[in-house]
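Novice: This is the structure I have questions about; it appears just below.
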Amino acid sequence: MQFDGLFSMTIGGRAVAGEHRFDVLNPATETPIAQAPDATSAELDAAVAAARAAFPGWADTPIATRRALLEQLANALMAEIDGFTRLLTAEQGKPHADARSEILASAYWLQGAATLDLPVTVNEDSAERYSETRHVPIGVVGAIAPWNFPMVLAMFKLGPALLAGNTVVLKPSPFTPLTTLKFGELAATILPAGVLNTISGGDRLGPWLTEHPGIDKVSFTGSTATGRRVMQSASATLKRVTLELGGNDPAIVLADADVEALAERLFWAAFTNNGQVCIATKRMYVHEQVYDRLKDALVAYARTVRLGDGAEQGTQLGPINNAVQYRRVLDLIADAREQGYRFLTGDAPHEGPGYFVPVTILDNPPETSRIVQEEQFGPVLPLVKFRDIDEVIARANASDYGLGASVWGSDEDAALAVARRIASGTVWINETQHLSPLAAFGGMKQSGLGVEGGVEGLLEYTNAQTVVRRRNAST
Ligand code: NAD
């Protein structure tokens, strides 16, 4: 495949350059790397019509065939991993090694989804009747992805949606459309025309998609604020929705944690992908007995981490992905400075082009501070001291979010007892961010609605249908 030059949407199996185009920037240099199509509403209509036309044939295709095609698609992606990796770094900013991991994970997610099965429940099997519930595809899925993990988060949706027999219109973020558009081209060589359509565009395209009467289900990953809008506009035609939204994940480091040994893992819990991870640790509660030791170990490790252009060898953290998010993170840092909070790292601002923010660790800001209460989605971590376990659990749970959380300690039973009291969709013990295509993942409270992954996630792309058959019809 060619990874430069013209980027096209894929509609009904054909490449569509689109009437209008917009620039996509490299966040490390702030210079355009390519242009992407800026879809018109007529182009969206064409994508939805193509998906609708392909639906009956795809729904009737045996699941074994759909499974095999998903595996073929995963293999085709792996065969092009170098090109996808470079392109992902260029448009997203993440270091080469992280971009490569994301492409690997994307293939792995397609393969993982392909192993799932749609369950059939026998409700009654008696002399009088036979009743079973099976799961049938919904129709056309509108899939909307964010810019932090544009490829793998799209695959979270595509694998199960397609396996279940739906067709898809996939919309990437305008900040990171290029890898998705290339993936659409690749998929068009494998899947029947119209089964997967990719469209890119600006701020109008998302609302057009969620309002579109030809879309039966919206699977959305993005911020909680946008998630509310998606739910509202989906209500007009009672579209099914799955919403994977924001988080403010707490990590609770218990008094018996071996903090020197865990420091590196705790650092990356917060700073992987520059903190632009829905399940990044966004507030770290540390028991007062180990607070100073962990603080020192984190600061020492942070000083070894190399920030730079993700395309350069040795870079461990790249730039923030886009100007909007960059300004938001700088605003939170400015607020912390104005409030007089103590900075352990991150005192020297970056000079020159690129949306770079140095790793910033704050020393015990108040619980009520913006940096503790808000989702920063950037490389800024508050370390917060605690003494009493009941009190810290209450603080961890006092949030409208409930996406992920982690508990760290040497006594696993004690850590588990704490974990069970946290109100979040996932709780990890002595690690974070481990997800699987075979395990349900989703948010409680305002972190989302529904789940992705596992059989539970697969079922969200289906309608339950119960068929009741009377035996001995004449009696
Ligand atoms: P965002 O909500 O701004 O955008 C997400 C997507 O929605 C983009 O494709 C965007 O173009 C589109 N969009 C914007 N307005 C829309 C509208 N009115 N209707 C329909 N679509 C619209 O989010 P973002 O800034 O791209 O991503 C960061 C956020 O996503 C963070 O809050 C993060 O926590 C969250 N996130 C959640 C998960 C999860 O699985 N729970 C994963 C990754 C990111």
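Novice: List the trypsin sites (Lys or Arg not before Pro) within the stretch 144-250 that DSSP assigns to loop and that have no more than 16 neighbouring Cβ atoms inside 10 Å.
Specialist: Counting only loop positions with at most 16 other Cβ atoms within 10 Å, the trypsin sites (Lys or Arg not before Pro) in the stretch 144-250 are R204.
Novice: I would also like to ask the following. Along the Cα→Cβ direction, 7 angstrom out, place labels at E128 and E351. What is the inter-label distance in nm?
Specialist: It is 8.5 nm.
Novice: All other residues with a Cβ under 9 Å from the Cβ of V384 taken together, and with Lys, Arg as +1 and Asp, Glu as -1, what is their net charge?
Specialist: Charge balance near V384 sits at +2.
Novice: Can you give the net charge of the other residues whose Cβ lies under 13 Å from the Cβ of E43, counting K and R as +1 and D and E as -1?
Specialist: +1
Novice: Which residues' amide hydrogens lie under 5 Å from the amide hydrogen of L344, considering only partners 5 or more residues apart or on another chain, with H built in the peptide plane?
Specialist: I361, L362, D363
Novice: Taking Cα centroids, how far is the stretch 154-183 from the stretch 412-437 in Å?
Specialist: Cα centroid of the stretch 154-183 versus Cα centroid of the stretch 412-437: 29 Å apart.
Novice: Compute for the chain: radius of gyration divided by Kirkwood radius, i.e. Rg/Rh, restricted to C-alpha atoms, rounded to two decimals.
Specialist: Here Rg/Rh amounts to 1.00.
Novice: How big is the convex hull of the Cα atoms of the stretch 330-415, per residue, in Å³?
Specialist: For the stretch 330-415, the hull spanned by Cα atoms encloses 131 Å³ per residue.
Novice: With charges set only on the Cβ (+1 for Lys and Arg, -1 for Asp and Glu), what does the dipole of the chain come to about its Cα centre, in debye to the nearest 20?
Specialist: I would put it at about 1160 debye.
Novice: State to the nearest 20 debye the size of the charge dipole of the stretch 187-346 about its Cα centre, where the only charges are +1 on K and R beta carbons and -1 on D and E beta carbons.
Specialist: With Lys and Arg at +1 and Asp and Glu at -1, about 520 debye.
Novice: Next question, about the same structure. Just going by the charge dipole of the chain, with Lys and Arg at +1 and Asp and Glu at -1 on Cβ, which of S8, V120, V451 is farthest out on the positive end?
Specialist: Positive-end residue among those listed: V120.
Novice: Using θ = phi - 60° and the Karplus curve 6.51 cos²θ - 1.76 cosθ + 1.60, what whole-Hz ³J(HN,Hα) does each residue of the stretch 400-407 get, with Gly and Pro shown as x?
Specialist: Once rounded to whole Hz, the list reads 6, 8, x, 8, x, 6, 9, 10.
Novice: Under a plain spin-label model, where a point goes 7 Å from the Cα along Cα-to-Cβ, how far apart in nm are D82 and L330?
Specialist: 3.8 nm
Novice: Please calculate how many Å² of accessible area the stretch 250-429 carries per residue, with a 1.4 Å probe and no DNA, RNA or ligand atoms counted.
Specialist: About 41 Å² of surface per residue is accessible.
Novice: At a Förster distance of 30 Å, what's the computed FRET efficiency of A464 paired with N397, Cβ-Cβ distance as r, to 0.05?
Specialist: 0.40
Novice: Of the options W208, F441, L170, report the single residue whose Cα projects farthest towards the positive end of the charge dipole of the chain (beta-carbon charges: Lys, Arg +1; Asp, Glu -1).
Specialist: W208
Novice: Now a separate question. Amide H of H135 versus every other amide H placed in the peptide plane: which residues, excluding those fewer than 5 positions away on the same chain, fall under 5 Å?
Specialist: Hits under the 5 Å cutoff: Q465.
Novice: Would you kindly derive the ³J(HN,Hα) couplings of the stretch 307-314 from the backbone phi angles with the Karplus curve 6.51 cos²θ - 1.76 cosθ + 1.60 (θ = phi - 60°), listing them in order in whole Hz, with x for Gly and Pro?
Specialist: Running phi through 6.51 cos²θ - 1.76 cosθ + 1.60 with θ = phi - 60° gives 9, x, 5, x, 7, 8, 4, x Hz.
Novice: With a 1.4 Å probe and every protein chain left in place, work out the accessible area per residue of the stretch 1-121 in Å², rounded to a whole number.
Specialist: 43 Å²
Novice: A further question follows. Excluding N322 itself, what net charge comes from residues whose Cβ is under 11 Å from its Cβ, given Lys and Arg +1 and Asp and Glu -1?
Specialist: With Lys, Arg at +1 and Asp, Glu at -1, the net is 0.
Novice: Related question: Please turn the phi angles of the stretch 81-88 into ³J(HN,Hα) values with the Karplus equation 6.51 cos²θ - 1.76 cosθ + 1.60 (θ = phi - 60°), one per residue in order, whole Hz, x for glycine and proline.
Specialist: Karplus values, whole Hz, x for Gly and Pro: 4, 5, x, 5, 4, 4, 5, 5.
Novice: Using unit Cβ charges (K, R positive; D, E negative) and no other charged atoms, how large, in debye to the nearest 20, is the dipole of the stretch 250-429 about its Cα centre?
Specialist: The dipole of the stretch 250-429 has a size of about 320 debye.
Novice: Which GluC sites (Glu not before Pro) in the stretch 91-185 pass both tests, a DSSP loop state and at most 14 other beta-carbon atoms within 10 Å?
Specialist: Within the stretch 91-185, the qualifying GluC sites (Glu not before Pro) (loop, at most 14 other Cβ atoms within 10 Å) are E128.
Novice: Considering amide H positions built from the backbone, and no H for Pro or chain starts, which residues 5 or more places from N26, or on another chain, come under 5 Å of its amide H?
Specialist: T31, I33
Novice: Can you send over the carbon and sulfur percentage of the accessible area for the chain, probe radius 1.4 Å, protein chains only?
Specialist: Of all accessible area on the chain, carbon and sulfur atoms account for 52 percent.
The values are calculated or read from the model by the stated rules, or taken from the named source; none is laboratory data. As the structure is a computational prediction, the values presented were derived from the model and not from experiment. Positions of Cβ are backbone-derived with ideal geometry, glycine not excepted, and every protein chain shown enters the neighbour counts. Calculation scope for accessible area: heavy atoms of the full protein, side chains included, ligands and nucleic acids excluded. Shrake-Rupley method; radii C 1.70, N 1.55, O 1.52, S 1.80 Å.
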